[in-house]
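Notes follow once the structure below has been shown.
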2 protein chains.
Amino acid sequence: MADEGAPRRVVVVGTGLIGTSIALVLRARGAEVLLADRDRAALELAVGLGAGTELPGGDGPPPGGPADVAVLAVPPAAVAVTLLDAQKRGLARVYTDVASVKALPLRQAAELGCDPASFVAGHPLAGRERSGPAAARDDLFLGRPWALCPTPQTAPDAVAAVEALARTCGAEPVVVEADEHDRAVALVSHAPHVVSAAVAARLTGADDTALGLAGQGVRDVTRIAASDPRLWIGILSANAAPVADVLESVATDLAVAASLLRDGSEGAAGHVADLLLRGNAGRSRIPGKHGGPGQAFATVTVVIPDRPGELAMIFQAAGIAGVNIEDVTIEHSPGRPLGVLEIAVQPEAAETLAAELRARGWSVPG
Amino acid sequence: MADEGAPRRVVVVGTGLIGTSIALVLRARGAEVLLADRDRAALELAVGLGAGTELPGGDGPPPGGPADVAVLAVPPAAVAVTLLDAQKRGLARVYTDVASVKALPLRQAAELGCDPASFVAGHPLAGRERSGPAAARDDLFLGRPWALCPTPQTAPDAVAAVEALARTCGAEPVVVEADEHDRAVALVSHAPHVVSAAVAARLTGADDTALGLAGQGVRDVTRIAASDPRLWIGILSANAAPVADVLESVATDLAVAASLLRDGSEGAAGHVADLLLRGNAGRSRIPGKHGGPGQAFATVTVVIPDRPGELAMIFQAAGIAGVNIEDVTIEHSPGRPLGVLEIAVQPEAAETLAAELRARGWSVPG
């Protein structure tokens with residue numbers, strides 16, 4: 001089923017993280033992939049990674065005729081001009097892009113006179129803090145949403161072809177109107193990115209004592225502040241109004257919270273508590289990691305000697321007990337020969353696993 | 001060494017997450033622990049968990065005389081009055097608290113006329129999204145900083161006793177002035193908490209399509225927004241001015257970024273990029289997970305069937321290869337029988353592990 005309508009010949013223009021990752025999946029599925037990038041080093045690295053062969057230059061279609069799909073994996077502001085050029089050459093029968101914003105490329109493509117029937121604006125919701133072809137992975141899209149924003153002018157066949165491409169990559173196609181998409185990603189991706197940067201920016205002036213008191217909370221809040229500013233300024237600029245709307249609301253909430261805290265009255269504290277309660281409510285609306293409704297795993301905690309082979313014995317015990325491990329985190333103890341392992345399992349399996357591990361001599365608190 | 005000067009008899013007033021966790025460690029080290037809590041159910045649960053025995057009521061010291069240390073694990077606003085009562089009873093020779101703010105309890109203790117010599121204000125930098133005695137764990141403090149804020153009136157012996165308590169819990173004592181502590185935690189904990197809540201609060205009005213596009217970034221930014229508002233409003237109120245300072249700076253940065261994005265000029269975009277660059281710089285200043293300088297592990301990625309026993313075989317292979325695993329993350333693929341395992345190891349061990357796993361038939365990209 002996943003391979004029904006899967007593209008057999010694909011052009012990928014732009015061999016960064018997303019373009020190269022798509023190419024790697026398609027190659028693994030046996031498709032022919034032709035690669036192009038203005039950055040010669042990026043192109044050669046992608047070819048070297050086995051993502052495909054170089055698209056010959058020139059004005060016409062590739063040897064063998066137009067590909068099934070051309071994926072334009074270029075920054076948002078470059079999508080329309082790249083599309084125009086690709087359509088002039090006749091690179092493929094269907095075109096799609098992967099930019100994180102959708103209204104701007106569609107508007108610019110219309111202004112440039114691109115063919116609207118063969119273009120399906122797209123956005124795989126996948127990424128990493130790292131960028132470039134070296135960070136590409138063929139599992140990048142597994143289980144992730146892949147937004148498609150066809151317009152009334154888009155040919156249904158073109159939509160079907162890009163849906164098949166998304167499914168081939170292991171993603172779930174989600175058809176959504178471009179403006180709605182842009183407001184949504186402003187809310188769940190672009191604005192949080194700027195907020196994370198603003199919190200992290202406060203740390204530049206902190207002394208080492210303050211930073212030494214940093215716990216997991218601020219690490220989580222600022223993780224995405226480590227991303228590439230060049231990449232992100234392009235995204236933010238292309239989705240400026242929806243992002244600004246969200247940032248203004250957050251800025252207002254924070255300024256009001258600051259003023260209420262300075263007020264110091266019990267009533268003022270109550271209003272700050274309201275913001276925290278709204279935070280609880282908003283957080284609980286995010287679907288679970290696996291795309292479905294939030295799944296509550298149970299956690300089994302084990303204190304383990306920090307040495308080779310210990311994890312193997314624990315996971316072996318889990319396997320013998322027939323318990324599937326859903327997730328694992330390890331917390332090491334600096335300067336101690338002990339680590340703490342948290343094993344997430346289905347709730348009904350937690351007691352089985354804990355009993356098995358205790359029976360084998362591990363320390364399982366609780 | 002870790003047990004040098006370790007307390008033998010301890011009173012814990014307040015059997016929530018932190019108090020019960022301290023009690024559990026001390027019991028495990030063979031200390032006698034006497035527990036008190038106004039909440040009868042919390043007290044009984046802590047006793048049931050083996051955290052100690054109930055402190056008899058009354059006006060005098062516990063049977064057997066004053067304990068070595070009394071830990072006042074109560075909310076920030078309750079520390080001073082609890083300290084006064086405890087000192088009147090003569091519960092212990094040395095007193096400490098665990099509240100997330102330090103200037104307010106010290107000021108209130110002075111106002112109430114508490115004995116300043118025997119009180120060492122303290123704050124273990126440890127916590128969980130869950131609260132209450134049921135969430136307590138004896139590994140909660142392993143490797144975490146434990147701030148101590150003695151004043152010029154504090155007796156050196158008292159400081160030494162609380163340092164020994166912190167070390168017994170596996171934590172690293174950090175002596176810091178109370179105002180500096182409060183500004184530091186406003187920056188690295190309290191303000192990020194409010195910011196996380198403000199981002200999450202925006203999601204309450206979002207539609208399901210928008211939430212379906214949520215990725216790991218917004219999940220990380222809003223994780224701590226799931227914490228208990230009652231607990232946090234007490235912390236924020238007790239550290240109001242330092243938190244308000246940080247929130248105002250962040251709010252200003254966000255309002256300016258919004259205005260620059262609406263401006264749309266290249267110069268304006270450059271200023272937004274500056275904020276992202278400052279975010280990069282601030283993020284990179286957070287010390288590594290283990291408290292030391294950021295440690296760069298190498299990651300080995302393996303695609304694995306999602307079934308019991310598979311992890312055991314992988315970790316067994318790592319053990320045979322003599323490779324110690326520093327961290328593990330598992331990414332499942334919804335609706336697919338595959339998971340992706342990322343194994344963090346010392347950089348020099350990455351190639352050894354990858355080769356071992358490939359030789360045993362696993363798919364190790366890169």
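A short reminder: the numbers here are calculations on the coordinates, not readings from a lab. Since we're looking at a predicted model, the values are computed, not measured. Heads up, the Cβs are rebuilt from the backbone with ideal geometry, glycines too, and the neighbour counts pull from every protein chain shown.
Miscellaneous remarks
- Placing a label point 7 Å from Cα along the Cα-to-Cβ direction at B:Val81 gives distances to the equivalent points in the other copies of 6.8 nm, listed shortest first.
- Over the range A:74-141, equivalent-ellipsoid semi-axes from the Cα gyration tensor in Å: 24, 13, 11
- Amide proton proximity set for A:Val323, modelled H, under 5 Å, gap of 5+: none
- Calculated FRET efficiency, A:Ser284 to B:Ala41, Cβ-Cβ distance, R0 = 22 Å: about 0.30 to the nearest 0.05.
- Positive-end extreme of charge dipole, the protein assembly as shown - chosen from A:Gly14, A:Gly270, B:Val323 (charges on Cβ): B:Val323
- For the pair B:Val81 and A:Thr329, a Förster radius of 30 Å applied to the C-beta separation gives a FRET efficiency near 0.20, rounded to the nearest 0.05.
- Taking a point 7 Å out from the Cα of A:Arg8 in the direction of its Cβ, none of the residues of the range A:150-170 has a backbone N less than 12 Å from it.
- Label-point gap, in nm, between B:Ala160 and B:Arg230 - each point 7 angstrom along Cα→Cβ: 4.2
- Amide H contacts of B:Asp37 (H built 1.01 Å from N, in plane; Pro and chain starts excluded): B:Gly14 sit under 5 Å, all sequence-distant by 5 or more or on other chains.
- The calculated FRET efficiency for B:Arg107 paired with A:Ser363, based on their beta-carbon distance and R0 = 45 Å, is about 0.60.
- HN-Hα J in Hz across the range B:5-10 - Karplus 6.51, -1.76, 1.60, θ = phi - 60°, x for Gly and Pro: x, 4, x, 9, 10, 9
- For the range A:143-149, Karplus couplings with θ = phi - 60° (6.51, -1.76, 1.60), whole Hz, Gly/Pro x: x, 8, x, 10, 6, 10, 10
- Distances between copies at A:Gln153, taken between label points 7 Å from Cα along the C-beta direction, are 7.8 nm in increasing order.
- Positive-end residue of B:Ala198, B:Ala186, B:Ile224, charge dipole of the range B:182-244 with Cβ unit charges: B:Ala186
- Rg/Rh ratio calculated on Cα atoms of the range B:1-132 (Kirkwood radius): 0.94
- Both radii were evaluated on the Cα set of the protein assembly as shown; the Rg over Rh quotient, with Rh as the Kirkwood radius, amounts to 1.01.
- Hydrodynamic estimate: the Kirkwood radius of chain B over Cα pairs, inserted into Stokes-Einstein at 4 °C and 1.567 mPa s, corresponds to D of 55 µm²/s.
- Backbone amide hydrogens, once placed in the peptide plane, bring A:Ser363 within less than 5 Å of A:Val303, excluding anything fewer than 5 places away on its chain.
- Inter-copy separations for B:Arg230, label at 7 Å along Cα-Cβ, nm, ascending: 5.2
- Listed residues A:Gly52, A:Gly65, A:Gly279, most fluctuating in chain A (Gaussian network, C-alpha, under 10 Å): A:Gly279
- Membrane-span-like helices in chain B, defined purely by DSSP H runs whose alpha carbon atoms cover 24 Å or more axially and whose average Kyte-Doolittle hydropathy reaches -0.5, are B:240-263, B:266-284.
- Mean ellipticity per residue at 222 nm, deg cm²/dmol - from DSSP H runs of n ≥ 4 across chain A, formula -39500 (n - 2.57): -13500 deg cm²/dmol
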